[in-house]
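Since the structure comes first, as structure tokens, the remarks are kept for the end.
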Amino acid sequence: MGELLLEFLSEEMPARMQMRASHDLKLLLTSKLNAIGLIFSSANVYVTPRRLTLVIDGLPRRQPSIIEERRGPRVGASEKAINGFLTFSGLTLDQCERRYTSNGEFWFVTIEKGGKTTADLLPDIILSSICEMPWSKSMRWGENNFRWVRPLHHILAVFDGRVLKGTLDLGKTKLNFTDCTRGHRFLAPHVRVVNSFQEYRTELRNSFVILERECRKDIILKDARYLCDSNGFILREDSELLEEVCGLVEWPLVLIGRIDAEFMSMPPEVLIAAMRRHQKCFAVNKKNGTLADRFIIVSNMSSEITRNATIVAGNERVLRARLSDAQFFWEKDRAINLSDRRKALREVQFYNKLGTLADKVERFAILAATIAPMVGANPDNAYHAAVLAKADLTTNMITEFPELQGIMGRYYALDGGEDLHIADAIAEHYCPIGPRDVCPTAPISIALSIADKVDTLVGFFIIGEIPTGSKDPFALRRTALGVIRIIIGNNLRIKLLPLFAQVRDLIAIAGSAAETDNKLLQFLIDRLKSHLRKKIIRQDLITGVFDSGEEDDLVRLLSRVDVLGDFLATDDGAKLLICYRRVLNILRAEEKNCIPCCTDYHFVLSKLINSSRLVKTEEINLYEALRDVSSKIKIYLSSDDFVSATVSVSALIDPINAFFDAVMVKTDDMLLRTNRLCLLNATKKLLDSVANFSLIKNC
Amino acid sequence: MNQEKNMLDSDLGSTVDRVNNHFQGIILTLQSYWASKGCIVLQPYDMEVGAGTLTPFTTLRSLAPDEVWRAVYVQPSRRPTDGRYGESPNRLQHYYQFQVLLKPSPVDSQDLYLGSLSTIGLNPMAHDIRFVEDDWENPTIGAWGLGWEVWCDGMEISQYTYFQQIGGIDCMPISLEISYGLERIAMYLQGKDSIFNLDWNGIPPEEGGKTYGDIYKQAELEFSAYNFKYADIDHLLRRFVDCELDCLNLLKVDLALPAYDQCLKAVHAFNLIDARGVISVNERQSYISRIRKLARACCENWMNNST
């Protein structure tokens, strides 16, 4: 068994691409190995800013031989054809075999292939994997036309203790496979020869490179916690930042710096944004949970007192400059009242065909006022908050730190004397931002958040920018999920279709038809299903209930789904499902038979039932039961009593079964036959008003 | 390799800093360093540009005609909207970039660059130097490249870009552009908190030495006023149209270089119009696309007519 060690040493790869690259490399290489029958016991990838490393262990030294059978020309074919075949397969005629097939007698050969040494096979596999690496962004360098994420400097390729023979042609220059690597760019740049992963890992460790990403993360986290703790503080953990920082260092050294007291009066979000975004530093809390005047630096050098002090001083200096800029913005922004900033929104495009941000604000403020009473908010307050909600986008602070949108709006609103719940609504109207972000619960915040999102959704649907496959450039799926989570989380009774229609009227783009409303509603239902996938809610029930009449009240939809689920779990539920299918089967069968003399089957079915043509007791009973249940369901549904509405259809089970036992639908009397089909169709329609049972699977 | 060795051999203590860290000293040191690496030392291009990249020394030369073009120059860069009337310690509407263009990009470019840092007193062994992803794109001239911003102890000191496309044309060979933020580096080396306090030439004021502020503070004040208040909008709009027309006419007679100068003048007029805050979003977009057309046409003409 042999070990393959592969390392691609390049100039610094972007942190955000490293994980993906290591997975892609592993996938490419291992699938190629599998394809030629080289089975291995383990494959591990490692990635640092400068290197992409793959170790495959337990590879055989030789490829297992493959037996391949090939059919040649027909026996008795021309000499030319036979000779051609023999040349091609490298055999003589007495090594071939005659065999009968259904098409006649043919020459056959059996070739034993492969059995090549792994060392001979690997170079091509490695080279083709390199060329197939799917970088999201790649580049050329020098006079070469080869592309990699950044200039590639060497390829270490060692199998079974020996360098593999291989060369990557970059176009102008070439890279020969090597058994050399280098350590840390500054601390140990000299060449090191390695013959195994074990050696490689140890050499790197001695050369200030920690190969394992998780290990670097652990060091950063532990050291940062320790540094905070020993200074009497607590690290503000930030997993996203940790992932990024870990991709910027090969030898993490954690240091702690100070923030000047004069900056501590700014909103903590501003300080954190300045540390995090530009400096990739972690914020630190005091024991009481408020922001401390310290920050955590992750550098890429070994610890040395003078150097550590230089690095800390340098980082403090940069942060000071950033914070004094921020402070300048903080003061300058507050000199202009939020409400006076609305005019400036006319200069900011929302989206090409959907007008400026001022247009958007005008629309969604009206919508927020519409929604307000449905969620227990005052419409005037909602309107007022919405009008201010985007004004912070014109401030200097947001130009510098776009991620603080809303949050700064809140501070500026409070500074301008707005009420707390108005200010909070400004901050929260973007929420929830990610799938794990908290949903707003305050009435005004809810009204704003839903209004803003619905406006965005309807707008992009009208202009045809609808997500397809993996393409969702405007994050409409996330926006839709936000609407769903707010509605369900707050148990809100909101009918969505009228809101869509209102936005359409406000946008007033020619050709914005009502059909986009239904498309959007279907889109939301699809998001709802995917959102609830992890919970034990059956997707077919959601589809079934939604299909019973485009239910646009999500909370009502889900409670109907619950009730339906409970009902289907009972004996009556199971029986009813069977009844429904019997009804449906005969309706479909008769459609295929296309009963004579009728041109439009559905038109025939929609006719009224003629009670004078009901002759058998069982059909009269079913008819009576339908009338009775139908009037009950109407009353129950109008008062949202889904339990009673659903349970009441149980009263149809016996009449339906009795009908099928006693009544022949397919009679030669066409009038009776049509009337019975109408009766069954009415039964189906009544059941459909509870749920489209045809879409529901067995429990 | 030699470079690497030098870097390692210099010990930590001696790095603070016997080199001349005054502003002109840094420029002189960088110039002679890159000259010793085979670069031609050019003088600033005599036009108003927003960045060193835009001069023909970089934009056009990275396309054609030379197979090898290694050049360095200091380029004054004008960004009218960045004016702060000389009140901000870190922002100017006129500042300097030290520009290096290496075509084709050499395989040991990072070592060469790090070597240059050592010469100006930023020994990589005494600091924390990092290459952090920062891809460059200039849609106005249809150009993009991949690279990094280089950090020294958390501060961005240079932009490092491998050009992939200029004027919408694929580059071949690939040029490497390194752009040093001179003021920032000088502030760090001199430990100054304001650009205006930078020591320009290392001579005490009583002996006639000058600071950055002595030379440029008044200019910042006056040009900020000009950029934001007094630049005549009608004249600028007319100038833009005139330059655009001149550029197109010059291209008709295959004079790519003068045409490109007119394109640069149009860009600067646009930057001033922008600073005056009188153009709407849509107009802005349309100006940018008009400039892009000019820049692309100049690049194409230059490519087609240089051998």
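Data overview
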item	result
Matching residues, region A:643-685, being open to solvent by 20 Å² or more (accessible area, probe 1.4 Å) and touching a Ser or Thr at 6+ places or on another chain (Cβ under 8 Å)	A:662, A:673, A:681
Top-ranked residue in region A:666-699 [being closer than 28 Å to residue A:547 by Cα and β-branched (Val, Ile, Thr); ranked as modelled with the lowest pLDDT]	A:696
Residue identified as on the phi < 0 side of the Ramachandran plot, of a type in the set (Gly, Ala, Ser), within 11 Å of another protein chain (Cβ to nearest Cβ) and not in a loop (DSSP other than H, G, I, E, B) among B:213, B:145	B:145
Check on residue A:236, surrounded by fewer than 18 Cβ atoms within 10 Å (Cβ to Cβ) and assigned by TED's automatic domain parsing to the domain that holds residue A:313	no
Looking only at region B:155-169, and only at residues there that are open to solvent by 10 Å² or more (accessible area, probe 1.4 Å) and touching a helix residue (DSSP H, G or I) at 6+ places or on another chain (Cβ under 8 Å), the one that is farthest from the other protein chains (Cβ to nearest Cβ)	B:168
Enumeration of residues in region A:530-542 that are open to solvent by 30 Å² or more (accessible area, probe 1.4 Å), under 24 Å from residue A:453 (Cα atoms) and either part of a helix (DSSP H, G or I) or touching a residue at least 24 places away in the same chain (Cβ under 8 Å) (or both)	A:530, A:531
Residue check for residue B:184: charged (D, E, K, R), surrounded by 19 or more Cβ atoms within 10 Å (Cβ to Cβ), within 14 Å of chain A (Cβ to nearest Cβ) and assigned to a helix (DSSP H, G or I)	yes
Which numbered condition residue B:86 misses (of (1) on the phi > 0 side of the Ramachandran plot; (2) open to solvent by 10 Å² or more (accessible area, probe 1.4 Å))	(2)
Selection within region B:242-285 - more than 14 Å from chain A (Cβ to nearest Cβ) and out of contact with any helix residue (DSSP H, G or I) (no Cβ under 7 Å at 6 or more places or on another chain)	B:242, B:245, B:248, B:249, B:252, B:253, B:255, B:257, B:261, B:268
Residue A:324 assigned to a helix (DSSP H, G or I), open to solvent by 20 Å² or more (accessible area, probe 1.4 Å) and not basic (Lys, Arg)	yes
Unique residue being more than 41 Å from the chain's Cα centre (by Cα) and within 30 Å of residue B:162 (Cβ to Cβ) when the list is A:149, A:163, A:158, A:109	A:163
Region B:188-204 - residue that is touching a residue at least 12 places away in the same chain (Cβ under 8 Å) and within 13 Å of chain A (Cβ to nearest Cβ) and, of those, surrounded by the most Cβ atoms within 10 Å (Cβ to Cβ)	B:195
Unmet criterion (only one of (1) closer than 30 Å to residue B:299 by Cβ; (2) modelled with pLDDT of 95 or more) for residue B:237	(2)
Sole exception among (1) at the interface with another protein chain (Cβ under 8 Å from one of its Cβ atoms); (2) out of contact with any Asp or Glu (no Cβ under 9 Å at 6 or more places or on another chain) for residue B:129, by number	(2)
Complete set of residues in region A:1-50 that are more than 14 Å from every other protein chain (Cβ to nearest Cβ) and among the charged types (D, E, K, R)	A:3, A:7, A:24, A:26, A:32
Region A:328-382: number of residues that are among the polar types (S, T, N, Q), open to solvent by less than 30 Å² (accessible area, probe 1.4 Å) and farther than 22 Å from residue A:456 by Cβ	0
Failed criterion for residue A:409 (all others in (1) in a helix (DSSP H, G or I); (2) touching a helix residue (DSSP H, G or I) at 6+ places or on another chain (Cβ under 7 Å); (3) within 14 Å of chain B (Cβ to nearest Cβ) hold)	(3)
Residue that is nearest to the chain's Cα centre (by Cα), among those in region A:247-262 that are within 11 Å of residue A:312 (Cα to Cα) and open to solvent by 20 Å² or more (accessible area, probe 1.4 Å)	A:256
Every pair of residues 6+ apart whose Cβ atoms lie under 7 Å, when the first sits in region A:287-312 and is more than 21 Å from residue B:130 (Cβ to Cβ) and more than 7 Å from chain B (Cβ to nearest Cβ) while the second is β-branched (Val, Ile, Thr) and surrounded by fewer than 17 Cβ atoms within 10 Å (Cβ to Cβ)	A:287/A:234
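One line per residue, one yes/no per condition, for (1) open to solvent by less than 40 Å² (accessible area, probe 1.4 Å); (2) assigned to a helix (DSSP H, G or I); (3) polar (S, T, N, Q); (4) within 19 Å of residue B:45 (Cβ to Cβ):
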site	(1), (2), (3), (4)
B:217	no, yes, no, no
B:229	no, yes, no, no
B:244	yes, yes, no, no
B:260	yes, yes, no, yes
B:264	yes, yes, no, yes
B:268	yes, yes, no, yes
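The values are calculated or read from the model by the stated rules, or taken from the named source; none is laboratory data. What you see is a predicted model, and the numbers here were worked out from it, not measured in a lab. Positions of Cβ are generated from backbone atoms using ideal geometry, with glycine treated the same way; all protein chains shown enter the neighbour counts. Please note that ligands, DNA and RNA were not included when accessible areas were found on the heavy atoms of the full protein model with its side chains. Shrake-Rupley method; radii C 1.70, N 1.55, O 1.52, S 1.80 Å.
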